[in-house]
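The values are calculated or read from the model by the stated rules, or taken from the named source; none is laboratory data. Predicted, not measured: the structure shown is a model, and the values here were computed from it. We place every Cβ from the backbone using ideal geometry, glycine too, and count neighbours over all the protein chains shown.
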Amino acid sequence: MKHPLLLISGITHRLSLPDDGLRLDESGTCRLFYTHDAVSQSECIDVRFVKQPASAFPVGEVLYEGTPWEGILMPYRWLVEKMNDRLAIRVLFDEHDTFHQAMALFDASFTSVEVCLDVKKDDVVVDPFFYPLGILMHIYLVHHRGGMVIHASGVRDGERGYLFTGVSGIGKSTMSRLWQEAGAQVVNDDRLVVMPAGGGFEIHNTPMPYYVDKPKSAPLNAIFLLRQSPVNECRPITGVVSMSRVLANCMQHFHSRDYIDRYLDVVSAVVKSVPVFELGFKPDADVVALIRQMQW
């Protein structure tokens, strides 16, 4: 493939690697997300990977800085930088086998990205969604197309799709397992992309860093905010309460008023499009039956 196409969350990425020392990883965790479906040039995000020493990376005003959670096996830190009308994400690795640094530089319209790689060796195989730059880039590409990325599990149950969100350890993976045992398809048990589609919204998975998955999606029909409980119980929540509690679990970087306003508009549109419930549950199959019999 001269310009391979990668389809993630409904966004087509057209990849190019002009440097002889860079080769595309076609057997890694992204491999099932490659597509041969023809799309027009205007519908593609152009993603160009180049080798470059970090000393040659452009430098901008730091808007936001992040670090991973404690105990991660691959320590790093990352920066969001502003360069005139362009935005960049810089990742600085402490112990990566291949990269010293990596930077994704977006154009002003977020329709193309140049990925600069400061590499440790001459010949490099590149996973186009390598962690964490891949998901950090995707957050911005999704955001500028009216979507959001959220810490959540999601399932497709027949023609319906449900999103379950909450703090780490609350039971998102447990909920996915219960639905899978009941015959539903798990879209993902940790991270979902919510994208506008057909007047409503859909949930999508993304490539994950530690295992291979295939693209999956479902319509979004309801959102459940999880809490552990000795009994299964569900109550609707609305308005600013539903919006703030969903927002708390989104992957976002509030570094400018424009970004905040646009993100709030997206979350507001999502929670207005489907019912939102607080779901207290105990880890057994009864909670699946409870949701299947609900009417809204």
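Evaluation of Val212 against the conditions (1) among the β-branched types (Val, Ile, Thr); (2) closer than 25 Å to Ser268 by Cα; (3) surrounded by fewer than 16 Cβ atoms within 10 Å (Cβ to Cβ) shows that the sole unmet condition is (2). Summed over region 72-99, residues that are loosely packed, with under 15 Cβ neighbours inside 10 Å and touching a residue at least 40 places away in the same chain (Cβ under 8 Å) total 1.
Among the residues of region 200-212, just one is more than 20 Å from Ser242 (Cβ to Cβ), out of contact with any Lys or Arg (no Cβ under 8 Å at 6 or more places or on another chain) and modelled with pLDDT of 95 or more, namely Pro207.
Give me the residue from region 154-182 that is out of contact with any Phe, Trp or Tyr (no Cβ under 6 Å at 6 or more places or on another chain) and in a helix (DSSP H, G or I) and, out of that set, surrounded by the most Cβ atoms within 10 Å (Cβ to Cβ). Top of the filtered list is Trp179. In summary, helices (runs of 4 or more DSSP H) completely within region 212-296 and bearing 3 or more residues that are within 18 Å of Asp157 (Cα to Cα) occur at 286-292.
The condition of being of a type outside the set (D, E, K, R), farther than 28 Å from Glu181 by Cβ and in contact with a Lys or Arg (Cβ under 9 Å, 6 or more places away or on another chain) holds for only one of Pro196, Pro283, Pro230, Pro219, that being Pro196. Identify the residue in region 183-210 that is β-branched (Val, Ile, Thr) and assigned to a strand (DSSP E or B) and, among all such residues, is nearest to the chain's Cα centre (by Cα). Only one residue fits best here, namely Val193. In the set (1) within 22 Å of Thr29 (Cα to Cα); (2) over 16 Å from the mean Cα position of the chain (by Cα), the condition left unmet by Pro215 is number (2).
Please work out which residue is surrounded by the fewest Cβ atoms within 10 Å (Cβ to Cβ), limiting yourself to region 103-153 and to residues that are in a strand (DSSP E or B) and within 13 Å of the chain's Cα centre (by Cα). Only one residue fits best here, namely His151.
Consider Ser256 carefully, then state whether it is within 21 Å of the chain's Cα centre (by Cα) and closer than 17 Å to Ile223 by Cα. In short, no.
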